[in-house]
Amino acid sequence: MAARRWDWVQLLTAVFLHLTLPCMCQGRAEQSYSEALFMKFLADGRVSATFDFSTVWSVHPLLFSNPGNVQHYGIFPKSLAEVVAHYHVQELHLTLTQGQWRTRVWGYPAHPAPPGAELWAWFLPEADSEKEWPGLVDAMSGLLGAHLNAIDSASSFQPLVSFRPNGAILSKDMSNSSALLRYAALPRETVCTENFTPWTKLLPCGTAAGLGELFEAESLYDCDYHSLGLHFTPHCLDDGCGQVGVRLSLTLTVVFPPPVTSNPSILEWSLKSLFHRPLTSACPLAFSSTVTVETNSIDGVQVSLSQTPSLTGTVEVAGRRRDRAVFDLHSLTNSTTSKPLPPLSVSSSSWAYHIMPEQPELLVSRHLVGSGHDWGGLATEITNSAPHTVEVLYLEMVPWFFRLYLHTLSVSQATVLSQHYVPAKDRRRAHMLELRLSLPPLSTSYLSLQFRRAHLKWTEHKPDAHHGFYINSAVITTVLSECPNCTSLAAQDQDLAVLRLYSEPLLVSLPTPDFSMPYNVICFVCTVIAIAFGSVFNLTTRTLQPAAAAKEKLLTRILRRIGVLSKQKSD
Amino acid sequence: MVQEVQRKEEEGAVEGREKWRQNISSLSVLTVAVLVGLPLWWKTTEVYRSPLPYSDIQNLAGQQAPPSLVYTISVLVLTEEETMAASFLSNLQTELANHTVRAGEAEVTLAFLVQPLELDAEVIEKVNEAVSSAGGTGVPALTTLLPASAPGHYSLLIAVGDKPRPSRVIIGAERWAFIHTTIGSVQEAVTAVKSMVVDEHQLKWRLEDGRGKGRSQGRGSRDTEEMRQVRAAQGYQVCLTLVAPDSSLATVDWNIEDATDRVLMPFLNHPGIARLANFTISSQVFHYTDLKFSPQRSKSGGYYVSSTSLPPMISSVESKLGSLVSQLPSLNFLVLVAPPTHSPLLIRDPRGALTDNFLVPQWGGVVIFSPPGEEEGGEEIVVRMEKVMSVFVRQLQLLLGVPITSSTSPGVVLERGTLGMTEWQLDQLMVGRMVESVSTATTALISLVELLDKVKNMVISDVIQKEVIASLGQLQECYRLAGDGELEAALTLSQRAMVSAGTRPLTLTHLLVPHSSPPPHTETAFFDPSILELLYFPDDQKFAIYIPLFLPISIPIVLSSVTAFRWLTSSSSSRHSLRTSN
């Protein structure tokens, strides 16, 4: 089993990795910046916009992490670079997402991300990842104003194979070990302008020029899907990966509602209508600044452009031709006159709403089963509609307060090739189940797993305790040989592509205590003690007399009070 | 009848015994409640407070706060007469008695140790030669002849001339002074030594500053100097930023690597500067920063902005500065590139003077670079770094309080050192910063202890205890080193003491999270779930919880013990009365 697992590691590693020897020799480190926007119609008439701002710096990652006393950052954001260097990070991926990407209708996303926040990082081999991780989490939450501080050891994971480094690999040892990896997700995190504004500050041109001009918080957040990303990776500078630099890629994916017109069968959008801002210039710092529009995303729908693009081309994506029109902002904006660009508008021919797109090969969906406050279960459905067997990695991460029972794991259709399970420890570690599955062709596999709910201490409940607790999205990772449904700007330049799919996060309610209970309990216990003590105390300090005598005494006392007895006596 | 009496007596005895039993049992319950219950309650609800060395810290407050400094003065009297030299030495020693600098309650004592300078005969020959040659022009050569000196150790050369000519004092760039004087007068030597060893004014304000008295509010030139300087810290982050104009398509470039290596690094690597603090240098480029200013056209053809519009300009850049990982104070130096449409751009102060740079006290400096000529878009602007960088170095000197050699009194010649800084002046700066650090650390410790003393239900974790003890130990060690004349080591220790004494927010968060290892980050500590455990309850809530237990138990105990006491007194008095009646 172990041998098989390593095969996988090697396979996944082989996808991106170009093993390199550190070459510390360098002159003046070069920085290059490029920005790109990719727009396309989705099958349900929505419009997706994918921004990618990437800065490549030819400084070697090891030199980047140990800059010594002097470091010249140039246009590379210093605040982020300092964090990366201080915590000895090799790779860093942070996404902040609002909404769930609908893979069934929209195809695969360009930058897959689960709803909420996701942060994962690979540390440099010499780093003590245990020690650096909390600091990194804090620094990143400070950098982007996100509430990442909620990540603690009980919500951090070290998946064995699902999250391999995306960038160049710096040393051979780390490719086989996940000791340097930390993964955490916060499905509850909400994303807003307070995260977006610090993110735009990392852009060399900010929101003043180039594609950043389109950013207006109101329109970006009034949409169906919104995902901010920050990806820092070691980057190969040449084909053989003889020289390695670092790359910072800031991504933003937005899905806008269908741009309907008065004629319901015609959809039409322009940058101005979607973003509420015109595009007036290119960022002079960027060596390339482009807007790309895909014109035949949907079969049977022709898309016409109001302007002639600088470049048109067809890329072959998994045997299917994709026509793309590229607008080069540098050539469109005359450098001497800063006139607004001619507005670009895109309209469709008669839109066929009823035609459902071909379903992507792989789909995942997960839901909660069971009723009551004791037992519950997770049920996952993985569909493989490809005519061949697909091997996938399935990663499930469940908080410790759900007592997972591994013997209840049942898998139908799919075959479990290998399994890696890390059981939880109360308050310190969560459950992690990583399965390698083989999905038969044209099949739907079901996984189910049962759990019991544990009782939390009353101080462990979060504010708004009745909201419930989240279970992270399950992650499906696979290597696809061809990807007809991928949203990608570049043509497939690699033979293999790593595809990651995220299921829905689950919201589970736990038995919630009555929070005034501690006081009630204190009162109850105190009263019981007081009663017990009182009766014992009375027994020891009061005189016990025969009941009859007491009665007589009482009677005589009453009589005397009335005056009968005393009269008699005096008589 | 007898039987009846007997029965009654028996009944009385039974009743008495019964009474005795009741009262004794209620008294014993009271005893148990007082002896066991109360201490138990007290112990279980106690707040965890590690013992702190209170008395030692209070001693610090009373002690002559910063350490007493000991300087060694080695004197060489160039004369044939042995007795003359000896008498000069003893005269000098008596004149240089302990000198105390006072600022409020704090004071520093300077002690001087005068000893003869031991040199080889041939070296003395050469010195004699150098001194006599050309009436002192050869004196700078002395630097090479005298033994290498350390901070706190000074050499004094006295040439005794009988001829009545105006005496002369030369203070060398390294730690020596040459004095040509007539015999019998040591006054010049005393003045020279004092001016070389101590800058009284600087020591005073640094003492006050550390005491949290705030920098003096006066308006003199010395006071602006005080206001300008950064506070003593273990290290500084020097951050150079190029701020490019927002409305130009021209790209801006600067050769920062070269400028740093050639201009900034030699200054920071100067031993006198490097030992003050650790410096880290970083540079970055900002494009498209909206500077929020509106230049006006001046008569001479250029443009200017008034100095009042500078603060918003700084704030617009500052939102992007700042570090997420380091707590060291940062010194920011900005190069603002004037927009080509508004070039040359200068700053006009209220008096009408024009300049292209300004210094922001305790923050950094700004230089406006105006690209030559009206640049058209698309061209590259290259910032001339030589001039900009030398302005930055000068600003950095001012911010750090590096003294610049200038002669003050007539008859005294000051030798200029490398980069315009002399060793003895750098020593003064070092001593000043040590005094400030010690003073700050002491104040921090005292106020921490006062706070903990005042708020009784605040937890004192072991971490705080450790930090306080460490800081105290470092302070005491620093006192000892300064007393031994090891000034450089004393400075390092005083800075460390300042950090552990809690001038950083780190220690304050330790206050909030007990029993944990030092948190690597303030935020971790602040948002640590264990902080909930610390919620101490206000008194009304405390009583709401205590009353259901305490009231029903304590009322019967109190009432019955009152009866018991009454019984005790009455029985003893009845016994007494019985005895008296008998």
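The values are calculated or read from the model by the stated rules, or taken from the named source; none is laboratory data. The model shown is predicted, which means the values in this text are computed figures rather than measured ones. As a convention, Cβ positions derive from the backbone with ideal geometry for all residues, glycine included, and neighbour counts pool all protein chains shown. What goes into the accessible areas is simple: the full protein's heavy atoms, side chains included, and nothing from ligands, DNA or RNA. Shrake-Rupley method; radii C 1.70, N 1.55, O 1.52, S 1.80 Å.
Listing for the model above:
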| quantity | calculated |
| --- | --- |
| Failed item in (1) at pLDDT below 85; (2) touching a helix residue (DSSP H, G or I) at 6+ places or on another chain (Cβ under 7 Å); (3) small (Gly, Ala, Ser), with residue B:352 passing the rest | (2) |
| In the stretch A:124-163, the residues that are in a helix (DSSP H, G or I), more than 10 Å from chain B (Cβ to nearest Cβ), out of contact with any Leu (no Cβ under 9 Å at 6 or more places or on another chain) and open to solvent by 20 Å² or more (accessible area, probe 1.4 Å) | A:130, A:153 |
| Residue that is nearest to the other protein chains (Cβ to nearest Cβ), among those in the stretch A:67-114 that are under 23 Å from residue A:381 (Cα atoms) and charged (D, E, K, R) | A:102 |
| Checking residue B:292 against (1) more than 30 Å from residue A:287 (Cα to Cα); (2) assigned to a loop (DSSP other than H, G, I, E, B), the condition it does not meet | (1) |
| Qualifying residue in the stretch A:208-226 (condition: within 14 Å of chain B (Cβ to nearest Cβ), within 30 Å of residue B:292 (Cα to Cα) and either among the β-branched types (Val, Ile, Thr) or open to solvent by 30 Å² or more (accessible area, probe 1.4 Å) (or both)) | yes |
| Of residues in the stretch A:475-504 being in contact with a Phe, Trp or Tyr (Cβ under 7 Å, 6 or more places away or on another chain) and either modelled with pLDDT of 85 or more or hydroxyl-bearing (Ser, Thr, Tyr) (or both), the one surrounded by the most Cβ atoms within 10 Å (Cβ to Cβ) | A:475 |
| Residue tally, condition open to solvent by 60 Å² or more (accessible area, probe 1.4 Å), part of a strand (DSSP E or B) and touching a residue at least 60 places away in the same chain (Cβ under 8 Å), over the stretch A:420-442 | 1 |
| Residue A:410 being among the polar types (S, T, N, Q), open to solvent by less than 30 Å² (accessible area, probe 1.4 Å) and assigned to a strand (DSSP E or B) | no |
| Hits in the stretch B:13-33 (condition: more than 10 Å from chain A (Cβ to nearest Cβ) and open to solvent by 40 Å² or more (accessible area, probe 1.4 Å)) | B:13, B:14, B:17, B:20, B:30, B:31, B:32 |
| Test: residue A:76 is open to solvent by less than 10 Å² (accessible area, probe 1.4 Å) and within 30 Å of residue A:126 (Cα to Cα) | yes |
| Filtered residues of the stretch A:257-294 (kept if of a type in the set (A, V, I, L, M, F, W, C), part of a loop (DSSP other than H, G, I, E, B) and within 14 Å of another protein chain (Cβ to nearest Cβ)) | A:282, A:283, A:285 |
| Answer from B:529, B:514, B:520 - the residue that is exposed (fewer than 14 other Cβ atoms within 10 Å of the Cβ) and at pLDDT below 75 | B:529 |
| Residue A:254 farther than 11 Å from residue A:210 by Cβ, part of a strand (DSSP E or B), away from chain B (no Cβ under 14 Å) and touching a residue at least 40 places away in the same chain (Cβ under 8 Å) | yes |
| Number of positions in the stretch A:179-198 that are within 26 Å of residue A:281 (Cα to Cα) and either among the β-branched types (Val, Ile, Thr) or within 13 Å of chain B (Cβ to nearest Cβ) (or both) | 3 |
| Residue within the stretch A:86-97 that is part of a helix (DSSP H, G or I), of a type outside the set (Ser, Thr, Tyr) and more than 23 Å from residue A:187 (Cα to Cα) present | yes |
| Residue A:395 touching a Lys or Arg at 6+ places or on another chain (Cβ under 6 Å) and in contact (Cβ under 8 Å) with a residue 24 or more places away in the chain | no |
| Residue within the stretch A:452-461 that is at pLDDT 90 or above, open to solvent by 40 Å² or more (accessible area, probe 1.4 Å) and in contact with a Phe, Trp or Tyr (Cβ under 7 Å, 6 or more places away or on another chain) present | yes |
| Check on residue A:107, assigned by TED's automatic domain parsing to the domain that holds residue A:230, on the phi > 0 side of the Ramachandran plot and at pLDDT below 90 | yes |
| Test set (1) at pLDDT 80 or above; (2) loosely packed, with under 15 Cβ neighbours inside 10 Å; (3) not in a strand (DSSP E or B) - residue A:507 fails condition number | (3) |
| Check on residue A:380, assigned by TED's automatic domain parsing to the domain that holds residue A:468 and either among the charged types (D, E, K, R) or at pLDDT 95 or above (or both) | yes |
| Among (1) touching a residue at least 60 places away in the same chain (Cβ under 8 Å); (2) out of contact with any helix residue (DSSP H, G or I) (no Cβ under 7 Å at 6 or more places or on another chain); (3) polar (S, T, N, Q) - the single one residue A:129 does not satisfy | (1) |
| Verdict on residue B:243 being closer than 30 Å to residue A:207 by Cα, under 32 Å from the mean Cα position of the chain (by Cα), buried (at least 21 other Cβ atoms within 10 Å of the Cβ) and more than 9 Å from chain A (Cβ to nearest Cβ) | no |
| Residue match in the stretch A:247-261 (condition: over 27 Å from residue A:295 (Cα atoms) and open to solvent by less than 20 Å² (accessible area, probe 1.4 Å)) | yes |
| Residue tally, condition surrounded by 14 or more Cβ atoms within 10 Å (Cβ to Cβ) and either within 13 Å of another protein chain (Cβ to nearest Cβ) or of a type in the set (Ser, Thr, Tyr) (or both), over the stretch B:305-317 | 5 |
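Results for (1) within 14 Å of another protein chain (Cβ to nearest Cβ); (2) open to solvent by 10 Å² or more (accessible area, probe 1.4 Å), shown as yes or no for each residue.
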site: A:444; (1), (2): no, yes
site: A:450; (1), (2): no, yes
site: A:463; (1), (2): yes, yes
site: A:466; (1), (2): no, yes
site: A:473; (1), (2): no, no
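Let's see how each residue does on (1) open to solvent by 10 Å² or more (accessible area, probe 1.4 Å); (2) at pLDDT 80 or above; (3) within 13 Å of chain A (Cβ to nearest Cβ); (4) under 19 Å from the mean Cα position of the chain (by Cα):
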{"residue": "B:217", "(1), (2), (3), (4)": "yes, no, no, no"}
{"residue": "B:235", "(1), (2), (3), (4)": "no, yes, yes, yes"}
{"residue": "B:265", "(1), (2), (3), (4)": "yes, yes, yes, no"}
{"residue": "B:281", "(1), (2), (3), (4)": "no, yes, yes, no"}
{"residue": "B:298", "(1), (2), (3), (4)": "yes, yes, no, no"}
